[in-house]
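Student: Dropping a structure here in structure tokens format, bear with me for questions.
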């Protein structure tokens, strides 16, 4: 399935997401992948692939991506996943390798909420807990930044310049949450991952719309648009909110209308992504 692309918060976001069909994303920089869908060419160049959970609309494409990396001589990848599914994922990839009579050479590494993976170019990924019906994680993409030290922020510019000339360290490093990807989750994520509100860009599922599907989100570990409306205050500091994983019973145009109706204070920063209009 063809994907879409956005540029938000200094990041290029390429991907596709439709509930029960497939979900995958490539984020540049740093070039990592979030989930693998049914296998997408855009993911082949990603050395690090972060899997949110084992449902096949997110995980089926992992061996295809690894197979293509081998075919193109790109070297082994690292596949990160929730710790409880690491063994099953390794077995799945080994079986696919036996089917092809090759060794993908990939490293499968399990993560727990709060664990961090250091990447190149000042980026890192931190896992967080989500609210799904199987073992699952979300991921914060962290970008190392510098800012003026807190105790100096009230000083005039010429004084700061003097301190810098005198060799004083006037800046401090900090980790900006450049992007957060929740994967599949129910409304419990807003309590489980309070730092979502600090994300510049938030990739957040919105599977269900309308009264007829109001209970399905809680039942299956997904979000209904009403859940976003109830937690709108927690999202108000996000620079951009990208809604994904729309159920096939709904259309993109329906989602746009419902966002304008139920999220009026956020509508100007909401982006609809990864599903066709019809």
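Student: When you look at residue 138, is it in contact with a helix residue (DSSP H, G or I) (Cβ under 9 Å, 6 or more places away or on another chain), closer than 25 Å to residue 38 by Cβ and in a helix (DSSP H, G or I), yes or no? Spell out the reasoning first.
Tutor: Numbers: in contact with a helix residue (DSSP H, G or I) (Cβ under 9 Å, 6 or more places away or on another chain): yes; closer than 25 Å to residue 38 by Cβ: yes; in a helix (DSSP H, G or I): no.
No, not satisfied.
Student: If only one of 197, 164, 168 is farther than 20 Å from residue 33 by Cβ, in contact with a helix residue (DSSP H, G or I) (Cβ under 7 Å, 6 or more places away or on another chain) and outside any strand (DSSP E or B), which one is it?
Tutor: Among 197, 164, 168, only 197 is farther than 20 Å from residue 33 by Cβ, in contact with a helix residue (DSSP H, G or I) (Cβ under 7 Å, 6 or more places away or on another chain) and outside any strand (DSSP E or B).
Student: Just need a number here: residues in segment 200-214 that are more than 24 Å from residue 55 (Cα to Cα) and either modelled with pLDDT under 95 or in a loop (DSSP other than H, G, I, E, B) (or both).
Tutor: At the first step, the residues of segment 200-214 found to be more than 24 Å from residue 55 (Cα to Cα) are 200-201, 210-212.
Going one step further and asking which of them are either modelled with pLDDT under 95 or in a loop (DSSP other than H, G, I, E, B) (or both), we end up with 200, 210-212.
Result for segment 200-214: 4.
Student: Just for helices (runs of 4 or more DSSP H) wholly inside segment 215-278: which have at least 3 residues that are under 18 Å from residue 20 (Cα atoms) and modelled with pLDDT under 90?
Tutor: Filter on segment 215-278 gives 216-220.
Student: Continuing with the same structure: Please return the ranges of helices (runs of 4 or more DSSP H) entirely within segment 36-117 where 2 or more residues are surrounded by 17 or more Cβ atoms within 10 Å (Cβ to Cβ) and touching a helix residue (DSSP H, G or I) at 6+ places or on another chain (Cβ under 9 Å).
Tutor: Here the list reads 62-71, 86-100.
The values are calculated or read from the model by the stated rules, or taken from the named source; none is laboratory data. Owing to the predicted nature of the structure, the values given are computational and were not obtained by experimental measurement. Methodologically, a virtual Cβ is constructed for each residue, glycine included, from the backbone with ideal geometry; neighbour enumeration extends over all protein chains shown.
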